[in-house]
Amino acid sequence: MPAMRRLLRTTLLLFVLAACAGAEPQARTIDITIDGIDVQPEAIEVNQNDTLTLNLTSEHPILFHLHGYDLARQINPGETAVLEFEAAATGRFTLGLHGELPEMADMPEADHDEDAHEEASDDGTVHEIDSWLQVQPH
């Protein structure tokens with residue numbers, strides 16, 4: 001019987017160690033391309049506490065916003081805007097685009113609190129797009 005308990009404890013310990021093995025935070029660089037209202041990649045999945053560097057490009061001037069983290073970067077044509085942060089909060093966080101683009105003319109405006117931004121677009125128009133950041137728990 002003691003041998004069986006020892007085997008059970010050892011097995012349990014191995015499961016716990018295996019579960020924690022891939023949990024180290026990683027530095028991740030992700031290139032995000034915005035073409036009108038099309039954002040690629042559409043979904044970004046990372047782990048909690050990963051350090052992210054988002055390289056943002058667009059053919060039009062636009063303000064990119066990561067809801068939930070309240071982070072924003074102005075993107076100008078021909079330039080790469082860089083957004084660096086630690087993915088501390090878990091969950092699904094939508095991406096938003098601020099400003100007017102021809103592709104956005106028929107899109108409904110999102111509910112939005114403009115006071116949450118230090119940077120805002122000239123016209124204050126905010127559109128939710130079907131793209132998100134998914135942060136998995138550590």
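The values are calculated or read from the model by the stated rules, or taken from the named source; none is laboratory data. Since the structure is predicted, the reported quantities are computational estimates derived from the model, not experimental observations. When we count neighbours, we look across all protein chains shown, and the Cβ atoms used for this are built from the backbone with ideal geometry, even at glycine.
To keep it simple, each residue is scored yes or no on (1) part of a strand (DSSP E or B); (2) modelled with pLDDT under 60; (3) under 19 Å from Val135 (Cβ atoms).
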position	(1), (2), (3)
Leu8	no, yes, no
Thr11	no, yes, no
Glu24	no, no, yes
Val39	yes, no, yes
Thr57	yes, no, no
His65	yes, no, yes
Glu119	no, yes, no
Worksheet item: So which residues in segment 67-82 are assigned to a strand (DSSP E or B) and either in contact with a helix residue (DSSP H, G or I) (Cβ under 8 Å, 6 or more places away or on another chain) or of a type in the set (D, E, K, R) (or both)?
Response: Arg73
Worksheet item: Could you give every pair whose Cβ atoms fall below 7 Å, whose first residue belongs to segment 74-89 and is within 25 Å of Pro25 (Cα to Cα), and whose second residue is acidic (Asp, Glu) and surrounded by 12 or more Cβ atoms within 10 Å (Cβ to Cβ), counting only separations of at least 6 or pairs across chains?
Response: Ala87/Asp50
